[in-house]
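Bear in mind these aren't lab numbers, they're just calculated from the coordinates by the rules spelled out. Computed from a predicted structure; not experimentally measured. Quick reminder, even Gly has a Cβ in these numbers, built from the backbone with ideal geometry, and neighbours come from all protein chains shown.
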Amino acid sequence: MINITFPDNSVRQYESGVTPLDIAKSLSEGLARNVLSAKVNGTMWDAMRPVDEDATIQLFTWDDPEGKATFWHSSAHLMAEAIEALYKGVKFGIGPAVDAGFYYDIDTGDITLTEADLVAIEKKMLELAREKQSFERVDVSKAEALKYFNEKGDEYKVELISELEDGTITYYKCGAFTDLCRGPHIPNTSVIKAVKLTSLAGAYWRGDEKRKQLTRVYGITFPKQKELDEYLVLLEEAKKRDHRKLGRELELFMFSDTVGKGLPIWLPKGTELRLRLQEYLTKIQKEYGYEQVITPHIGGKQLYVTSGHWDHYGEDSFRPITTPEEGEEYLLKPMNCPHHCMIFKWKPRSYKDLPLRCAEFGTVYRYEQSGELHGLTRVRSFTQDDAHIFCRPDQVKEEFIRVMEIIEIIFKALDFKNFEAQISLRDPNDHEKYVGTDENWAKAEAAIQEACAEKGLPAHVEYGEAAFYGPKLDFMVKDALGRKWQLGTIQVDYNLPERFDLSYIGADNEKHRPVMVHRAPFGSMERFVAVLLEHCAGEFPLWLAPDQVIILPVSEKYLDFAKNLQSYLKKSDIRALIDERNEKIGRKIRDAEMKKYPYMLIVGEKEEAENQVSVRKHGQVDLGTMSTDDFAALIRKQVEEEQNKR
Ligand SMILES: [Zn+2]
Ligand SMILES: [Zn+2]
């Protein structure tokens with residue numbers, strides 16, 4: 001008999017060789033019907049794979065991210081099986097699950113796959129799925145595996161196998177298709193009830209531009225047709241909200257290959273939006289005791305040798321810049337932390353000076369492969385809403401609470417109603433690989449969990465996910481379409497204070513190491529604006545809208561009045577533009593409604609004579625006429641309300 005420990009720490013005994021599926025059956029029939037995979041002693045495991053030693057177990061269904069990943073990765077095998085059945089001689093690269101669905105990289109030889117092929121492949125996949133094919137796990141020797149794929153003529157698998165260690169190699173067989181794979185897989189294909197192959201793309205083998213370009217087929221599968229239907233509706237809506245599309249339409253930002261790939265250029269309206277966000281955050285940070293600093297975009301190489309960044313990332317990042325005369329080496333800064341450490345070190349610090357909170361909208365530069373670049377979410381230069389808090393170990397909890405409050409204030413002002421946190425802690429079985437004392441780790445880990453509990457923030461804990469230098473808390477928001485985005489992070493760091501030999505004088509007159517906390521509520525301005533755009537579909541809250549008001553003169557005669565009105569509003573810090581086109585007023589109103597300007601001001605003879613405006617709010621609400629002063633007051637009041645949903 002073996003002891004199986006469940007996530008709630010309860011223990012049950014089973015015969016050795018029991019499978020997770022058997023264990024699920026012993027708990028409930030419903031669970032047994034739905035179990036897709038498991039985690040056994042920390043390793044992902046097939047539902048049908050025997051367990052023959054004492055173990056901790058977690059069972060996964062479609063409702064768990066791990067269950068979905070198993071479902072989708074298994075679907076990638078099923079797709080490969082279908083493709084192999086339809087097109088002879090194709091070769092396969094890799095086929096992982098992704099956030100939503102899966103892909104497989106395929107060398108299709110002389111065949112070019114088209115949209116029509118995708119439909120045929122979908123049909124074949126469903127046909128094979130209905131055969132209830134099981135996934136069979138087989139241990140093979142390296143020699144056997146090489147022989148099999150050499151005979152099959154799949155040089156991609158041969159290359160992958162030759163890099164593996166003998167004794168660790170497994171196949172998964174599903175129907176007529178055998179794949180090199182670590183698993184785990186679903187018990188059989190019958191649970192795959194709905195299939196959609198979503199797109200085709202080119203992908204270099206192993207991401208290397210010098211190697212062959214394969215065809216990447218993306219797809220997604222579901223256990224119910226209804227779920228696929230709902231997903232497709234969501235996908236349509238997501239396309240309309242794509243931040244790259246909206247960014248172009250609303251003239252917020254641009255990219256230029258001449259300037260450089262992945263280097264976003266903020267246009268006037270986008271800059272307006274970004275500055276509003278920065279001003280707002282700066283204002284709140286001041287309330288919370290932050291001090292703003294500015295540091296250069298480059299730093300001496302030694303700074304990053306000391307910080308450890310050079311050893312870690314140096315080879316995979318932008319090359320150093322050198323001076324012509326002295327041969328000095330500088331790096332484009334990949335992060336702001338080392339600069340801020342030097343600010344801390346600049347003068348002696350006492351325990352009474354702590355916490356020191358250094359904030360900077362710091363632009364950093366990180367090399368990303370050109371194929372990885374994506375809109376504003378994967379770029380080579382971005383500006384972090386960064387800050388570093390240097391504090392005493394006993395202040396960590398209070399500082400976490402304060403950062404969480406800042407994040408809450410901002411998310412509320414931006415209408416993100418759903419947010420949650422992930423807490424990343426040490427691997428409980430291996431304390432060796434972390435820097436910092438056990439005592440400080442325990443203190444900080446408890447502090448983070450207590451801070452979440454006190455703030456009532458829903459949080460789940462991931463053991464073993466902490467960086468080697470400290471535990472962290474990540475914020476996730478759910479956008480209007482229910483998609484989860486990871487934004488802000490609060491990260492404890494015991495490493496940099498050590499490397500930079502930072503200290504303060506304690507109440508005992510002795511030297512002590514401060515704890516460093518990195519935090520960025522938005523993450524980066526670029527990523528945040530992308531998420532915000534997709535969340536609100538370009539309909540920003542009034543306080544952020546680059547154009548808050550559009551003035552619609554009923555004819556050219558009232559253009560002067562409109563211009564005076566515009567400059568009056570500008571003085572009141574209200575952003576207004578004028579529709580100067582020679583169009584009928586009805587047309588101008590319809591167009592303004594389409595472009596989602598929060599307010600329209602209609603001006604004609606009566607308005608000019610009485611220095612008034614006729615006000616329409618976006619969404620067809622007629623607010624009647626009012627004096628220009630009253631209108632300005634109305635806008636100010638709404639902005640204030642939006643910014644203070646605390
Ligand atoms: Zn697999
Ligand atoms: Zn940092």
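Numbers for the structure displayed
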item	result
Rounded Å value of the spacing that divides the Cα centres of the range 466-512 and the range 257-326	19
Expected 222 nm ellipticity per residue - DSSP helices of 4 or more, -39500 (n - 2.57), all of the chain, to 500	-11000 deg cm²/dmol
Kirkwood-based Rg to Rh ratio, the range 286-442, C-alpha trace	0.99
Rg(Cα)/(2.2 N^0.38 Å) for the chain, N = residue count	1.13
Number of Lys pairs (Cα under 15 Å; 8 or more positions apart or on different chains) in the range 553-607	4
Estimated translational D of the range 389-467 in µm²/s (Stokes, Kirkwood radius over Cα pairs; 37 °C; 0.692 mPa s)	240
Sites matching chymotrypsin sites (Phe, Trp or Tyr not before Pro) across the range 389-479 that sit in DSSP coil, with at most 13 neighbouring C-beta atoms within 10 Å	F468
The range 62-108: trypsin sites (Lys or Arg not before Pro) in DSSP coil with no more than 16 other Cβ atoms inside 10 Å	K88
20 Å tail of the calculated P(r), the range 568-630, as % of Cα pairs	25
Share of pairwise Cα separations in the range 125-206, more than 16 Å, in percent	61
Relative compactness, the range 420-544, computed as alpha-carbon Rg over 2.2 N^0.38 Å	1.28
Ranked packing of 521-529, 503-511, most packed first, by mean Cβ within 10 Å	521-529, 503-511
Charge context of S424, other residues only, Cβ under 12 angstrom, K/R +1, D/E -1	-3
Rounded Å value of the spacing that divides the Cα centres of the range 519-533 and the range 570-593	30
All lysines inside 18 Å of K196 as judged from Cα atoms, apart from same-chain residues fewer than 8 positions distant	K68, K123, K124, K224, K226, K239
Rounded D (µm²/s) - the range 22-86, Kirkwood Rh over Cα pairs, Stokes-Einstein at 10 °C, 1.306 mPa s	124
Peptides ranked, highest mean first, by Cβ atoms within 10 Å: ranges 371-382, 447-458	371-382, 447-458
